[in-house]
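The values are calculated or read from the model by the stated rules, or taken from the named source; none is laboratory data. Just so we're clear, the structure is a prediction, and the values are computed from it rather than from any experiment. Ideal geometry is used to build each Cβ from the backbone, glycine not excepted, and the neighbour counts take in all protein chains shown. In case anyone asks, the SASA skips ligands and DNA or RNA and just uses the protein heavy atoms, side chains included. Shrake-Rupley method; radii C 1.70, N 1.55, O 1.52, S 1.80 Å.
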There are 2 protein chains.
Amino acid sequence: MHLRMDKGSPGWELWRTFDAVLREGSLSSAARALGLTQPTAGRHIAELEARLSTGALFTRSARGLQPTEAARVLAPHAATMAAAAAALVRTASAPADAAAGVVRISASEVIGAEVLPPIVTALHAAHPALTFELLLTNASSDLLRRDADLAIRMTQPRQQALLAKSVGSIRLGFYARRDYLARFPPIESAADLARHAVIGFDRDVTSLRSINAVWPDLPSFALRTDNQLAQIAAVRAGFGIGVVQEPIASRDSALVPVLRDTFTAHLPIWIVMHEDLRSTHRMRITFDALVEGMAAHVGASALQH
Amino acid sequence: MHLRMDKGSPGWELWRTFDAVLREGSLSSAARALGLTQPTAGRHIAELEARLSTGALFTRSARGLQPTEAARVLAPHAATMAAAAAALVRTASAPADAAAGVVRISASEVIGAEVLPPIVTALHAAHPALTFELLLTNASSDLLRRDADLAIRMTQPRQQALLAKSVGSIRLGFYARRDYLARFPPIESAADLARHAVIGFDRDVTSLRSINAVWPDLPSFALRTDNQLAQIAAVRAGFGIGVVQEPIASRDSALVPVLRDTFTAHLPIWIVMHEDLRSTHRMRITFDALVEGMAAHVGASALQH
DNA sequence: CCTTGTCCATGCGAAGATGCATAGCAGCCC
DNA sequence: GGGCTGCTATGCATCTTCGCATGGACAAGG
């Protein structure tokens, strides 16, 4: 007779489907994501709800499961577990001493689209068995929670568990296309900007605040978007004047700096990784490549200007 | 026909026994810890080894499983997963809005033995359904990794994901029992200490270094131990002169400060918790109780001297 | 109004995971 | 050396859990 102790902690598999249901919003969808079937996912959730002293986790409806307060409280922990599990399979994707396997890199959208591709390409050419995952988000994801292995950060990380290296800083400036500027009166002071098409942020308070620091009386924007890639694209298309990272702008000969001496800001660049990954060769390789690549990127513009 | 995809990530249960085997050092012991049997634990490890591209995880021997390099690389991630799972069951130990359930507190040994008991007692008297786990270690455990819910720290935490509150600082000073001092010539300068029985650290470099900062030419210790509780006990027993936290020393009328004006140091005290726990009532209650209790503890001695 | 697509719940049979029992092996102590 | 105790590996019966096939409910769209 199997007298299974039904005391004790719930099995970790249950937490896995719990996390999937939170992420996907329905049993069916979660089951698809996990390679299970909807009935099993349902049974997992039912078993969790039966075991926990916290009451129902979801309210069932015909268009999915909606998390209750109890589930929302548990959510971040489950996410942590999922991140650790993902890190586990990533780390185990190749022997620790091989230049092979998966590396997950977190960076901003702009860096990911404009700067990272050549660096990653060169690295992949040198080590074809290395594969990459890019987590491109402006909200700096948590290295300590293992959302990524490596990160390119715009601030100095303060956690001692992290291995960080500074590679200089990127200058930010206003840019516009030469032919745009030719069509309008010259810009000689900040006040002149008021009569121009300025590209800026929409509701991203963080960026708005930092812009405001260097540009206290900002004019109304003619084009608002929080997507910085779209901002750069708009500048390139000749829409008007926008903030562009200098090393990126200087690659396009059609772009001209505007009020270069009046407005200036610098983004410090740090390459960061978790200490635990130091002994994994591919992490080390990628770390070094990022350091070198970003340093070259930062330095290149310094020479051109 | 069950055509189970044997691609995909390994099940989380496998990671659970992996972690247990790392912790316990053998299949049998891990199985006992998890409520499984040794054969299943063995099969779990075997399945992991078969699926991972990393080769064998353990070398079997007659006295247990020894982790290979591959397993050592994976270990911290598995530990993170385990910590998150533990946090999960802790958080689910009671409804979020109830003054009930488990709270795990991390603190130093000294705080845990000398200061925490009355605070926790009062809190438990007020909320009998609240239960506590004390993680007493001098190596500050990782709140971000959910090793604990709350922590009493001696440094200001720098992570923005943490909710921290300062409650003042504890003064450290040299103390000895009155009758010990009576048996020896009076101490009037630092040089006099050389002829006394001084209690100090053994090989704890962190503490040695911080002591050295306030006491550059420290004499040889007559009693060395890294266990600070033992140090305090030795002072209380009249062995000689040792460093004691002032609020603790001042509770014992037999203890007298030595060279109070010459040597002094302050430990800032912070109560810290993870932001995610803010919405869990028992965490909030305990946080407030710790703030209040520690503030009273710190403040009490300030009044007495 | 009916059709279609989505979702969750339930019953049933089969595959797979677990436990038990056993065998084999290495160290330790008397 | 023999007995004892810890460990792992393997075979087999069994129980648990899974997937499949349904059924019912709800919302969207023609």
Within segment A:114-148, of all residues that are away from chain B (no Cβ under 13 Å) and among the β-branched types (Val, Ile, Thr), the one nearest to A:Gln160 (Cα to Cα) is A:Thr137
Going by the conditions given, is B:Ala100 of a type in the set (A, V, I, L, M) and open to solvent by 30 Å² or more (accessible area, probe 1.4 Å)? no
Step by step: first the residues of segment A:5-37, then only those that are hydrophobic (A, V, I, L, M, F, W, C) and touching a residue at least 40 places away in the same chain (Cβ under 8 Å), then the one that is nearest to DNA strand C (Cβ to nearest atom). Which residue is that? A:Val21
Identify the residue in segment B:15-35 that is within 14 Å of chain A (Cβ to nearest Cβ) and surrounded by fewer than 19 Cβ atoms within 10 Å (Cβ to Cβ) and, among all such residues, is nearest to B:His77 (Cα to Cα). B:Ala33
Scanning segment A:229-249 for residues that are of a type in the set (Gly, Ala, Ser) and under 22 Å from A:Ser189 (Cα atoms) gives A:Gly238, A:Gly240, A:Gly242, A:Ala249
Any strands (runs of 3 or more DSSP E) falling wholly within segment B:149-248 and containing at least 1 residues that are touching a helix residue (DSSP H, G or I) at 6+ places or on another chain (Cβ under 9 Å) and under 30 Å from B:Thr280 (Cα atoms): B:150-153, B:162-177
Residue count for segment A:55-65, restricted to those that are open to solvent by less than 70 Å² (accessible area, probe 1.4 Å), in contact (Cβ under 8 Å) with a residue 24 or more places away in the chain and either within 10 Å of chain B (Cβ to nearest Cβ) or over 19 Å from B:Asp97 (Cα atoms) (or both): 3
Which of the residues that make up segment B:1-35 are more than 11 Å from DNA strand D (Cβ to nearest atom), charged (D, E, K, R) and either over 30 Å from A:Thr37 (Cα atoms) or at pLDDT 95 or above (or both)? B:Arg16, B:Asp19, B:Arg23
Selection from segment A:66-113 of residues more than 7 Å from chain B (Cβ to nearest Cβ) and closer than 25 Å to B:Ala50 by Cβ yields A:Ala82, A:Ala83, A:Ala86, A:Arg90, A:Asp97, A:Ala98, A:Ala99, A:Ala100, A:Gly101, A:Val102, A:Val103, A:Arg104
Could you grab me the full set of residues in segment A:38-54 that are near DNA strand C (Cβ under 8 Å from one of its atoms) and either open to solvent by 70 Å² or more (accessible area, probe 1.4 Å) or of a type in the set (Ser, Thr, Tyr) (or both)? A:Gln38, A:Arg43
I need a count of the residues in segment A:76-131 that are of a type in the set (D, E, K, R) and farther than 30 Å from A:Ile248 by Cβ. 1
Among the listed residues A:Ile269, A:Ile248, A:Ile241, identify the single one that is open to solvent by less than 50 Å² (accessible area, probe 1.4 Å), touching an Asp or Glu at 6+ places or on another chain (Cβ under 6 Å) and in contact (Cβ under 8 Å) with a residue 60 or more places away in the chain. A:Ile248
